[in-house]
1. With every protein chain in place, what's the accessible area of A:Val168 (1.4 Å probe, Å², nearest 10)?
2. Are there residues in region B:252-285 whose accessible area shrinks by at least 10 Å² when all protein chains are included rather than the chain by itself, and which are they (probe 1.4 Å, ligands and nucleic acids not counted)?
3. Roll a 1.4 angstrom probe over the protein heavy atoms and tell me the percent of accessible area of region B:242-335 that is carbon or sulfur.
4. Assume the label is 7 Å from Cα along Cα to beta carbon: what separations in nm does A:Glu149 have to the matching positions in the other copies?
5. Could you report the protein assembly as shown's accessible area per residue, 1.4 Å probe, as an integer in Å²?
6. Where both residues lie in chain B, what percent of DSSP beta bridges are antiparallel, nearest 5?
7. Classify region B:149-247 from the C-alpha gyration tensor, please: rounded if a/c falls under 1.5, else prolate or oblate depending on whether a/b exceeds b/c.
8. What is the helix-to-structure angle for A:48-66, meaning the angle in degrees between its Cα long axis and the longest Cα principal axis of chain A, kept from 0 to 90 and rounded to the nearest 10?
There are 2 protein chains.
Amino acid sequence: MKTQGLVRMCCHICKLPGRVMGIRVLRFSLVVILVLLLVAGALTALLPSVKEDKMLMLRREIKSQGKSTMDSFTLIMQTYNRTDLLLKLLNHYQAVPNLHKVIVVWNNIGEKAPDELWNSLGPHPIPVIFKQQTANRMRNRLQVFPELETNAVLMVDDDTLISTPDLVFAFSVWQQFPDQIVGFVPRKHVSTLSGIYSYGSFEMQAPGSGNGDQYSMVLIGASFFNSKYLEFFQRQPAAVHALIDDTQNCDDIAMNFIIAKHIGKTSGIFVKPVNMDNLEKETNSGYSGMWHRAEHALQRSYCINKLVNIYDSMPLKYSNIMISQFGFPYANYKRKI
Amino acid sequence: MKTQGLVRMCCHICKLPGRVMGIRVLRFSLVVILVLLLVAGALTALLPSVKEDKMLMLRREIKSQGKSTMDSFTLIMQTYNRTDLLLKLLNHYQAVPNLHKVIVVWNNIGEKAPDELWNSLGPHPIPVIFKQQTANRMRNRLQVFPELETNAVLMVDDDTLISTPDLVFAFSVWQQFPDQIVGFVPRKHVSTLSGIYSYGSFEMQAPGSGNGDQYSMVLIGASFFNSKYLEFFQRQPAAVHALIDDTQNCDDIAMNFIIAKHIGKTSGIFVKPVNMDNLEKETNSGYSGMWHRAEHALQRSYCINKLVNIYDSMPLKYSNIMISQFGFPYANYKRKI
C-alpha cells in the first residue's frame, strides 16, 4: 500500500502519462527497496559488537560525568618486574566502587607495557592507562599525570592487596580529612639525645610519657591522599628529588615531610586495615621488593636526617589516633574480656 | 647589747635623768619582750596546719593559673540517691590528669550534700563543689554553672567508672575536635517507611547499604563536650525543656540534636573505651538507674519524634568512625588472625 502511494506520488510529481511508465517505475522502485533492505540487514548483522562497545562507553561516560571529582579516586600503581602480581591486583582493584581510573606507572624500561593483553581481556569497568617510563625511578609515581581527573589519589604498591571494604571505608575517611594522607601503614621517627633521628615502626621506643605508641608518618604505598600533593612534590628543592633518586627510596617519607610542613599538623591518619595482604611471596618473577635490601631501613633513617637538613626543620608531628570502621567486623566496638 | 642601746635611746628621747629610772625601764622592757616571745612561740605552734593549707592552696592556684582553659576540663556529675557510688567515683576522678574542678549536681532534695564529710577527708587534689538543687530534674546538670572555668566539660553518670587512660586519650581527641561530643557510648536513630523514627543501639538495623553499623548520637553521660553547649541548651525552646522534664529523660538526645543542628555534621565521635564499668550493681542504696524503667527505651524513641517535630527537621547525621588509641592496649594495631 505504501509502495503504491509512493508510485502515485512519483507520478503526480513527474506528471508522466499512462500506465506503461508507471509499471517500469514500480519495478525499479521495488528493486531499489529490496537492495536497501539487504544492505540494512547486512549492516545490522555487523553492527552488534561496535554498537555494544559504544553503548558501554556511553554508559561509562554518563556515569563518570555524574561523579563529582570528590566522589571518586584514581589508583596510581607503580610496577617493576612483577607483572604477574600487577595483573592479579588489577583484576581486584578495577572493580572497587568509586574508582575513576587506573594509572599504571610502568617502570620496566625497554619492555612493552601489556596494553594489548589488557585490551584483549576487556571490557573493563574503568579505563586503565599504562604509562611507559624512560628511566626506572622510584619517584616516577609522583608525577602530575595529565590523565588524573580526581581530587583523590589511591596509591598502592604493586604487591599489596587491600580488601574492598577497607578501601571503601578509608576513602570515606579521606573525604572527611582531605588534607591528610589516610592510609593503612603507620611509621614513626624517634629523636635521640644527640639530635639524630631514626626511622622505625612499633618496635621502636614510643615517644612521650603517656600510654601506647605514636606514629608520625603514614606510608603512601597503601593510602589515599589529595592529588594536589603531586604538584607540591614536583615543586620541592632539587635536593629532595636527588635524595630519592640516589636511594631509590624515601619518596613516601618526603611526602610526609611536605604535607606536615604544609598543614602544620600530623601528615596522616592511620586506618586499621581489616584485610590487607602482601603478595610478594606469590610472584614468579624472582624479584623481591625494595625493602628487602640490606640497607633499606638505614636508608630511611638517613633520609629523615637529610630532609631535616634540607628543610631546616623537623615538621613531622606525632599522633595516636587509630580509626576503625564502627561495627565492621561485626561488633568490633564490644570489649573483649 | 641591743637592749642597752634601746634603753640609751629611750633615755635620750625621754630626756630623763639618772640611773634609777633606767633600771625600771629596762625591767619593763625585758618583761614586754619575754611576753612577746612567748606569744610568738605559741602562734608558731598553732600555725603549721593553717600555713600548710595556705601553701597547698597557693600551689594549686599557681598550677591552675598555669593551665590554659583548653588544657583542662571540669567534671560535672549529677547524682541521685547513690551517694556510696558517688564518693567511690569521686575518689577515682579527683586524681585524673588535667582535671580542673568537679561540680557535683546534688539532686537529693532536702538532703544535705556531704560537704563536711568531703572536707574532713581532705586535702583533695582539686576543688569539688556540691551544688544543692531545688528540684530533682534530669536537666539540672545542663545549667551554666558559674564555677565552670574550662572550655571542656567531662560529663559522667554517677554510676560510671571510666579508666584514666581512656579519659586522658578521649580528652586529647576532644582537643582535636572541640565542636563535637567525644564519648564512649554510641547510639543511633533508625528511619522507617512511615517516617517515624526509633531509637536504639547495635541491635537495630544498620542504616545504609554498606558494611558495618553507624551511630548518630554519642551519649553525654560518658563524654567530653564544649562547655558553650550548656548555654546553647539553656537557649532552646521551652518545649525542649518541658519534654525533658516530662520524661525525666532525653536530655542527651536533645544535646545531640542541638549540636548536630549547629555544626551541620555528626554530633559526636565515638572513642572505644578500653576499661569502662557500670557500678550500679554495687550500690547499697536500693536505687537502680533510670534506664531500668519499663518505659525508658520507648521514651527515647518518643523523644526523637517530638524533637523532630519541635525543630521541624532531623538534624542527626550518621557516622561510622571509631577511634582507638594507637598501641594501647599493646599492639592493638595488629591483625588478629
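1. Roll a 1.4 Å probe over it and A:Val168 shows about 70 Å².
2. Residues of region B:252-285 that lose at least 10 Å² of accessible area once the other chains are added: B:Phe270, B:Lys272, B:Pro273, B:Val274, B:Met276, B:Asp277.
3. That share works out to 52 percent.
4. Sorted ascending, the copy-to-copy spacings read 5.9 nm.
5. That works out to 53 Å² for each residue.
6. Percent antiparallel among DSSP bridges in chain B is about 45.
7. oblate
8. Taking Cα atoms only, the helix is inclined about 50 degrees.
The values are calculated or read from the model by the stated rules, or taken from the named source; none is laboratory data. Since this is a predicted model, take the numbers as computed values, not measurements. In this analysis, Cβ positions are derived from the backbone assuming ideal geometry, glycine residues included, and neighbour counts consider all displayed protein chains. For accessibility, only protein heavy atoms count, side chains too; no ligands or nucleic acids. Shrake-Rupley method; radii C 1.70, N 1.55, O 1.52, S 1.80 Å.
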